[in-house]
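Some notes on the structure that comes next.
The values are calculated or read from the model by the stated rules, or taken from the named source; none is laboratory data. This is a predicted model, so every value here is computed, not measured. FYI the Cβ positions are ideal-geometry reconstructions off the backbone, even for glycines, and counts take in every protein chain you see. The accessibility values were calculated without ligands, DNA or RNA, using every heavy atom of the protein model including side chains. Shrake-Rupley method; radii C 1.70, N 1.55, O 1.52, S 1.80 Å.
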Amino acid sequence: MFLSKKEERILEGEEGEAARLAMRTIVKVGEALGASRLVEIEHAHVSGVSYLNIGDPGLEFIEHLANLDARIRVFGTINPLSFDLDSPHEFNITVEEYEKQLRIINALKKMGFNPTFTCTPYYIRKPSLGEHLAWGESSAVAYVNIVYGARTNKEGGPIALLSAIIGRIYYSGLHLTENRIPRVYFKTTFNTSNTVEAGLLGYIIGKLSKGRTAYLENNIQWKESWVKAYAAAIGTTSDNPLTIIENVSPETNLFNKEYIEDKITITREDLEEAYNELVDNSSQEQVVFFGCPHLGLEELRELVLTTKGYDKPIIVSTSRYIYAKAVEENLVKKLEEKGIKIIKDTCPIVSRLFKPNTTVKTNSTKASFYLKRLRKVKTILSDYGETGG
Amino acid sequence: MKYKILHARPILFDREVIEGTVLKSSTPISPLGDINPKTGEIIDPRSTIKGQKITEKILVAPHFRGSTVGSYVLFALAKYGTAPKAIIVGRIDPMLVAGCVLGNIPLLELRTYEEIPSNALVILKKTNNEVEVHVKY
């Protein structure tokens, strides 16, 4: 791999042991992937922050880096935890788990990461077209590739962490324009009309595109919540998070019919089939959940308008960044008056909020996919509007 | 003593020679969940080497799988002194490569990994562009 003089020096340890280890890892993985060089990044987002997920090995490595005086060189954000920092007792964790989680947070803060605890870092720093990033968290990776034309592969948490320390990532995959050119063309026999349909569409296109960049014909404006649902869902079925969506994505100029290998039409029957794979309609919901990915301000405003009270508890998850803005706008008070509970820093997928065998109604295909697998929770998929009284 | 020589692609191999006994899994390994880093034991109930220790072995597998957090587990193996001497896989992936860098574990890619018998004694020898895997019979 070609390295600049500065990169060579980092690899030789001139900028400390943490930077050397980070550079060596990124270079070795890049070489294994066939990358010819590194590329400078503007923002790293680290997944794998919850102690329940990364355990003692993760804690020990992150503290190891912090003890080596690792410092990040770019803007850095981090993924959700397994509890809300302001109400940890509601999340069924032990004192040991709580204390170890705080150690992870402190080590990451010492390196310079912002304590964001969210899967929606694009609200905190909006990426621009063509910018290079190193992000973990598949839903965010898909969202910024699709909506902003920002360039990041779906990196693992450890890789994103190490790339923050050197401010670089291997130049491969979606960092290269040639890999962003669509190879599979999708059209639908219906107009997408809500978050559930958008999520199911992402789930299906992820499966059918088989790792290739997809192109989606679309004549209508998509709401932000639909794109988030689509992006989160495609991350569950594909390693390539990029779909260029007409009227959504800035890179429609990359479309060239000579590169299209397959043309696929998706019907309502396909949506139905995907729906049946994911949901369990045999039982009534006991709780309603919105916030996978973490809700933005627009979605919170919409919830205030559409939810008129409900006979089941409604739980909503967001980031503390958005929460603070929602307090300013008086949204939090309005939601609480409707009996909606807001949690931050975490979500039901990475926490123990829902007990196994609970039936949860959600609008998120990703939540449905992972709640079933990771939490043994049953789900029903339904849109916002259908939840009100 | 007879030898069979296989030619592997060195992904991480800074030493001249490594000698050891093979522990071969027919199932892919997810470091997170399949290995207890404190003991080096394979705890995946579906693994063909369930209950065996990878420590000080030449660990051979089709490929690795699972959470990217697996890289941290490979680092932990080194820290707890439970790491294998080397890992040989049919196909590498970023999580495995990163983990082997962090854990300082030599790593080879060998498409014909299946030709290495279980429990064989092997010598890994560095040459110009590759690593020879000498299998003793």
Quick check on my filter: what residues within the range B:45-86 are without any contact (Cβ under 8 Å) to a residue 60 or more places away in the chain, away from chain A (no Cβ under 13 Å) and open to solvent by less than 10 Å² (accessible area, probe 1.4 Å)? B:I49, B:I54, B:L59, B:V60, B:A61
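I need the full set of residues from the range A:324-357 which are of a type in the set (K, R) and either assigned to a strand (DSSP E or B) or within 21 Å of the chain's Cα centre (by Cα) (or both), in order please.
Matches in the range A:324-357: A:K325, A:K341, A:K344, A:R352.
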Of all residues in the range A:75-93 being more than 30 Å from A:G13 (Cβ to Cβ), aliphatic (A, V, I, L, M) and touching a Phe, Trp or Tyr at 6+ places or on another chain (Cβ under 7 Å), the one that is nearest to the other protein chains (Cβ to nearest Cβ): A:L81
Residue by residue through the range A:73-95, note down the ones that are without any contact (Cβ under 8 Å) to a residue 60 or more places away in the chain and in a loop (DSSP other than H, G, I, E, B). A:T94
For A:I41, work out the one condition from (1) farther than 25 Å from A:I343 by Cβ; (2) crowded, with 23+ Cβ neighbours inside 10 Å; (3) within 14 Å of chain B (Cβ to nearest Cβ); (4) among the β-branched types (V, I, T) it doesn't fulfil. (3)
Name the single residue, out of those in the range B:99-125 being outside any loop (DSSP other than H, G, I, E, B) and small (G, A, S), that is nearest to the other protein chains (Cβ to nearest Cβ). B:G99
Conditions (1) basic (K, R); (2) without any contact (Cβ under 8 Å) to a residue 12 or more places away in the chain; (3) over 25 Å from A:A198 (Cα atoms) -> A:R352 fails only (2)
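Would you point out the residue of the range A:358-376, among those that are in a loop (DSSP other than H, G, I, E, B) and over 12 Å from A:C292 (Cβ atoms), that is least open to solvent (accessible area, probe 1.4 Å)? Steps first, please.
Going through the range A:358-376, the residues in a loop (DSSP other than H, G, I, E, B) turn out to be A:358, A:363-364, A:376.
Those still in the list that are over 12 Å from A:C292 (Cβ atoms) too: A:358, A:376.
Details: A:T358: 25, A:K376: 123 Å².
Going through the qualifying residues, I end up with A:T358.
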Examine the range A:63-74 for a residue that is more than 14 Å from chain B (Cβ to nearest Cβ), surrounded by 20 or more Cβ atoms within 10 Å (Cβ to Cβ) and either touching a Pro at 6+ places or on another chain (Cβ under 8 Å) or not hydrophobic (A, V, I, L, M, F, W, C) (or both), and state whether such a residue exists. no
Select from the range A:137-165 the residues that are more than 11 Å from A:H45 (Cα to Cα), more than 13 Å from chain B (Cβ to nearest Cβ) and out of contact with any Cys (no Cβ under 7 Å at 6 or more places or on another chain) and list them in ascending order. A:A142, A:Y143, A:V144, A:N145, A:I146, A:V147, A:Y148, A:G149, A:A150, A:R151
So in the range A:48-62, with the set limited to residues that are buried (at least 24 other Cβ atoms within 10 Å of the Cβ), within 7 Å of chain B (Cβ to nearest Cβ) and in contact (Cβ under 8 Å) with a residue 24 or more places away in the chain, which one is farthest from the chain's Cα centre (by Cα)? A:F61
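Could you count how many residues in the range B:1-21 are within 14 Å of chain A (Cβ to nearest Cβ), open to solvent by 70 Å² or more (accessible area, probe 1.4 Å) and at pLDDT 95 or above? It would help to see each step written out before you state the result.
Start the filter on the range B:1-21 by keeping residues that are within 14 Å of chain A (Cβ to nearest Cβ), which leaves B:8-14.
From the residues that got through so far, the ones that are open to solvent by 70 Å² or more (accessible area, probe 1.4 Å) too are B:9, B:14.
After this cut, where a residue has to be at pLDDT 95 or above as well, the list is B:9.
Selection size over the range B:1-21: 1.
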